[in-house]
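The values are calculated or read from the model by the stated rules, or taken from the named source; none is laboratory data. Only a predicted model underlies this, so the values are computations on that prediction, with no experimental measurement involved. When we count neighbours, we look across all protein chains shown, and the Cβ atoms used for this are built from the backbone with ideal geometry, even at glycine. Protein only, heavy atoms only, side chains kept; ligands, DNA and RNA dropped before computing areas. Shrake-Rupley method; radii C 1.70, N 1.55, O 1.52, S 1.80 Å.
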Amino acid sequence: MSRKLFFTVAAALLALSANAQYLTYDASRSQGLERCDSAIYAAIEEGNTPGAVLCVVQGDKIVYEKAYGNKRIVPKAEPMTTGTIFDLASLSKCVGTTLSFMQLVEQGLVDLDATVDSYLPDFAPWTDGADTVRITVRQLMTHTSGLQAVADVLELGRRKADGKPGMLREYIMKELPRRERPGTKRIYSCPNFITLQYILETVTGERLCDYAQEHVFDALGLQHTCYFPTNQRIPKKILSNIAPTEVLYRKGTDPQQSGRRTKYGRALLGQVHDPNARRFNCGNSGNAGVFSTAEDLAVVCAALMAGGEWQGRRILRPETVEMMSLPQPDAFGRTLGWDARSPAAGFAGEEFRKDRTICHTGYTGTSIVIDFDRQTAIILLTNRVHPVDDGGVGKTRRAVSDIVAEVLNIY
């Protein structure tokens, strides 16, 4: 980790900014939202996640916030708190890559309808031998580029690409299969957002992690949101606030047989869970890598619902937020960087999807729903992959969204 990055991360995690303004709590609007508790406790009792944090936002107020269960269960149980820092997984695509990238679009530094190879000349097009189609930036942001869903971890491992971001880049630029003709099918693809990372870094001359930290996270005054939350010089009290994810087992052991014991491995703590981001992109990655808390994400949601500004801190103009929030033509329900109407957005519930709503999930068990018409956001953070990747919180997300939609119809 560079000296500059260390101090950026340390400042984001440790410094108490005099200008930071967090949302205040308004309990007067919380009546009925306690019904969410039973859905979340059921997920814990069924072994789908060790714990969770729920935060419901209306306008500029938190109307319900609660921690459930444990943030860790191996090697010993530790209770979840509302201040727990989570690996956001693919929510990083939204709060890290997309918000950063929309700033470049707003500034005219990137054209959504330009071809990717106009920024990255070595980026290969789709071809079937008889026809060739160049992929656009908009298609990357809406997952309609046709790129394969993930980079081949086994192949990159065989090539000894661990810790070598340049090898991942070469693979995505030239070798990653282009599965479908661009614009004809939605394939949710992490390499789409890693490619957006490459464009941002080419245009700005900065790493994505540095750009997002300065222009999004620090710009909003967030105190616990960053890439790379761990460093040996960061106090252990910060590490203790992070929810661990999966226990990585040693080669030759069987996770199913070893169950929840830890003698075969150690849980990831503050290292991004996603293998492409962790192993090959070293944590600075367009598809994953951001760590945050429910209260920090509440500020992000409040800023977006207010047109890109919070407490005098503006990250996007209202028209840019509007552009980002609308389903794109021929994008199968996707917006720029977010979901809205695709089948994967079903977790937000039918009531929310009737309105102008964006949403997204993260593989580790995180999710956000933002309803611009109701001025309501639901942040549900879990670490369902701890200690093993066998939990599922899809029905829990849907149940929580349905309860919130029903209860808030009262107001």
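For n ≥ 4 DSSP H runs only, could you compute -39500 (n - 2.57) per run for the chain, divide by its residues and tell me the 222 nm figure to the nearest 500? Mean residue ellipticity at 222 nm (helix-derived): -7500 deg cm²/dmol.
Here ASP390 sits with roughly 90 square angstrom of accessible surface, probe radius 1.4 Å. Note: relative contact order over the chain, using C-alpha pairs below 8 Å and six or more positions apart, is 25 percent. Between ASP330 and GLU214, what FRET efficiency follows from the Cβ-Cβ distance if R0 is 41 Å, with the result rounded to 0.05? The formula returns an efficiency of 0.75 here.
Separation of the alpha carbons by more than 24 angstrom is noted, of LYS160/LYS237; LYS93/LYS395; LYS93/LYS237; LYS71/LYS164; LYS76/LYS164, for LYS160/LYS237; LYS93/LYS237; LYS71/LYS164; LYS76/LYS164.
Across all Cα pairs in the chain, the calculated P(r) in 20 Å bins from zero up to the longest distance comes to 28, 61, 12, 0 percent per bin. Extension gain for the segment GLU406 to ASP128, taken as residue separation times 0.36 nm less the Cα-Cα distance, is 95.2 nm to one decimal.
Taking the DSSP beta bridges with both ends in the chain, the antiparallel portion is around 95 percent.
Between ASP389 and THR202, the contour length at 0.36 nm per residue exceeds the Cα-Cα span by 63.8 nm. Where does the charge balance sit around THR204 when Lys and Arg score +1, Asp and Glu -1, over other residues with C-beta under 13 Å from its C-beta? It works out to a net charge of -3.
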